[in-house]
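Report on the structure given below.
The values are calculated or read from the model by the stated rules, or taken from the named source; none is laboratory data. Quantities reported herein were computed from a predicted structural model and do not represent experimental measurements. Here the Cβ positions follow ideal geometry from the backbone for every residue, glycine too, while neighbour counts run over all protein chains shown.
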């Protein structure tokens with residue numbers, strides 16, 4: 001699987017709403033001054049900066065160097081590391097993640113790393129796409145690949161588990177899940193569907209020639225226009241997310 005190519009300015013241009021939507025999960029985190037908090041998939045650091053402004057000591061991790069550079073400029077301590085290969089041990093009061101966990105294919109490995117990173121009694125709060133997230137968009141992309149064998153196989157860049165599957169994985173890892181909900185969020189796309197596709201599918205289209213890439217965008221948009229575009233609202237994405245909070249026991253059981 002190719003690695004998604006993230007550029008901070010491109011991300012802010014096409015998807016600044018992602019951090020805006022993360023504020024509900026941030027409130028669920030209930031930051032306490034002096035806490036040590038890991039922002040898992042911190043991106044360019046918008047929410048990490050907000051957490052730090054509330055008095056916490058923040059470490060941000062991500063795999064995108066350009067995004068981490070932006071986070072560093074906001075005063076965030078960062079580490080270039082995959083969420084599937086966390087190497088922290090009993091260091092944090094909380095782990096927070098917004099719109100990043102669904103990019104980490106080995107979700108059980110991520111959860112194990114979070115458990116190791118947390119102190120006893122530590123909490124894990126996050127928001128991520130669930131199985132219904134972008135179902136219309138994903139179906140269109142899969143159909144376009146099926147209609148164009150020269151593109152090669154369709155390999156989803158994401159892991160979108162059903163909420164019950166992810167909650168069960170948290171419990172099996174030792175967490176007590178105290179809150180979870182699903183959020184249906186039709187989201188306006190100010191730079192259109194092509195902007196969305198260019199930003200979020202670079203790992204999917206990296207294997208394509210420029211001609212095939214243009215065909216992919218054109219045909220996917222054609223599939224989606226009757227479903228996600230209107231003159232009154234413009235383009236929208238069919239986001240459906242799950243938000244959760246879970247705690248580790250204070251002492252091993």
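Please indicate, with yes or no, whether at least one residue in the range 121-128 is more than 18 Å from the chain's Cα centre (by Cα) and loosely packed, with under 14 Cβ neighbours inside 10 Å. Looking through the range 121-128, at least one residue is more than 18 Å from the chain's Cα centre (by Cα) and loosely packed, with under 14 Cβ neighbours inside 10 Å.
Note on the range 222-231: residues that are farther than 23 Å from residue 152 by Cα and assigned to a helix (DSSP H, G or I) total 4. Based on this model, can you work out whether residue 124 counts as in a strand (DSSP E or B) and closer than 19 Å to residue 41 by Cα? Yes.
Only residues that are out of contact with any helix residue (DSSP H, G or I) (no Cβ under 8 Å at 6 or more places or on another chain) and in a loop (DSSP other than H, G, I, E, B) were counted in the range 67-86, giving 2. Among the residues of the range 51-91, just one is touching a residue at least 60 places away in the same chain (Cβ under 8 Å), within 16 Å of the chain's Cα centre (by Cα) and under 22 Å from residue 31 (Cβ atoms), namely 67. Of the residues 138, 185, which single one is in contact with a strand residue (DSSP E or B) (Cβ under 8 Å, 6 or more places away or on another chain) and at negative phi? Checking each option against the conditions leaves just 185. Against the list (1) under 30 Å from residue 31 (Cα atoms); (2) not in a loop (DSSP other than H, G, I, E, B), the condition residue 219 fails is (1). Taken over the range 209-220, the criterion of being farther than 20 Å from residue 238 by Cβ and crowded, with 17+ Cβ neighbours inside 10 Å is satisfied by 213, 215. Exactly one residue out of 24, 20, 89 is closer than 23 Å to residue 248 by Cα, modelled with pLDDT under 95 and not in a strand (DSSP E or B): that is 24.
The residues of the range 221-238 that are touching a strand residue (DSSP E or B) at 6+ places or on another chain (Cβ under 6 Å) and surrounded by 20 or more Cβ atoms within 10 Å (Cβ to Cβ), listed by number, are 228, 235, 237. The residues of the range 47-66 that are touching a strand residue (DSSP E or B) at 6+ places or on another chain (Cβ under 9 Å), in a helix (DSSP H, G or I) and more than 10 Å from residue 96 (Cα to Cα), listed by number, are 49, 52, 65. When the test is whether a residue is at pLDDT 95 or above and under 20 Å from residue 239 (Cβ atoms), residue 168 does not pass it.
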